[in-house]
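Please read the structure below before turning to the comments.
The values are calculated or read from the model by the stated rules, or taken from the named source; none is laboratory data. Bear in mind the structure is a predicted one, so any value in this text is a computation, not a measurement. A quick note on method: Cβ atoms are made from the backbone with ideal geometry, for glycine too, and the neighbour counts reach across all protein chains shown. Accessible surface areas use protein heavy atoms only, side chains included; no ligands, DNA or RNA. Shrake-Rupley method; radii C 1.70, N 1.55, O 1.52, S 1.80 Å.
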Amino acid sequence: MNTQINITKLSIKNFFAAHAFIKKHQLGKYYLYISVFAIALSIGMISGGVYFSSKLILSIQDFSIINSLEEWIKEYTATNVDTYLYWILFIVIEVPVLITSLLIYPTILSIISFPILDSLTEKVNNILFDKKVGPSFSMQRFGQMLFKISLPNAIKTITYSLILMPFTFIPIIGFFFMFLSMCINGYFYGYDILDNYFENWNVNVNKSKRFIQSHKTLTTTSGFGGGMLAMIPIIGSIFSPIISIVATGLTLKELNIHDEIIQP
């Protein structure tokens, strides 16, 4: 019987064993393929986040109520109020925006690089499950997964991250909320990875959804490590999706999930 602790330990073991598997089966080229998307997305999200939050800070500083508050404070102190106000707004606005960008990054990367990740999933299928899976990518299948799985998961990831973010700045207990946020993001990241495996096994979307939702530990641990790794700008994001897919395949193999889920 697979307990939650055993599944977690197995997922951790396979996460660290994934690179050796990639090297053994000459799958390293996928690092190069994904790097194009990862670098572009990293630069885009970081620069976009900085630009958006900077514009928002400048807009807030122009509010009449803020100007009135500044003038009132200047009557009682000689300190540079504008500088202090900017850094307060920076901490309150720009830092959370950048953290949120890091948290939702894996889900966005999975969407824009789906053809590459789908190809890798097929390769791992062929190796681990002795299943002669041919190329299955099509715009119809991509559209179905995008609107039924990936986009809803991305929206939920963003929503939960924004809700939990203010609590992560609370001393001491903030670490708990950060961990909770990472677990939630890991769940939705793992959801995408598992569903793609099941799609390659010709499991219909509804059955895949029911299985994933009833195996939350497996789903969360499948995406947790990759989600943490993806938070390392650029470098981590190149390795994260490849390692996560391979590690999840190894875990599915050891848990005999393939034989279980394809049952009528």
How many Å² of accessible area per residue for segment 177-264, probe 1.4 Å? 38
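Among the listed pairs LYS156/LYS216; LYS23/LYS216; LYS23/LYS123; LYS148/LYS209; LYS24/LYS123, which have their C-alpha atoms separated by more than 18 angstrom in this model? Walk me through the numbers before you get to the answer.
Numbers: LYS156/LYS216 16 Å; LYS23/LYS216 30 Å; LYS23/LYS123 13 Å; LYS148/LYS209 10 Å; LYS24/LYS123 13 Å.
Violating the 18 Å Cα-Cα cut-off are LYS23/LYS216.
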Taking all protein chains as present, what is the carbon and sulfur share of the accessible area of segment 169-264, in % to the nearest whole number, probe 1.4 Å? 69
Treat each spin label as a single point 7 Å out from the Cα along the C-beta direction, and report the GLN263 to LEU56 distance in nm. 4.8
By per-residue mean of other Cβ atoms within 10 Å, what is the highest-first order of 232-243, 3-14, 30-41? 232-243, 30-41, 3-14
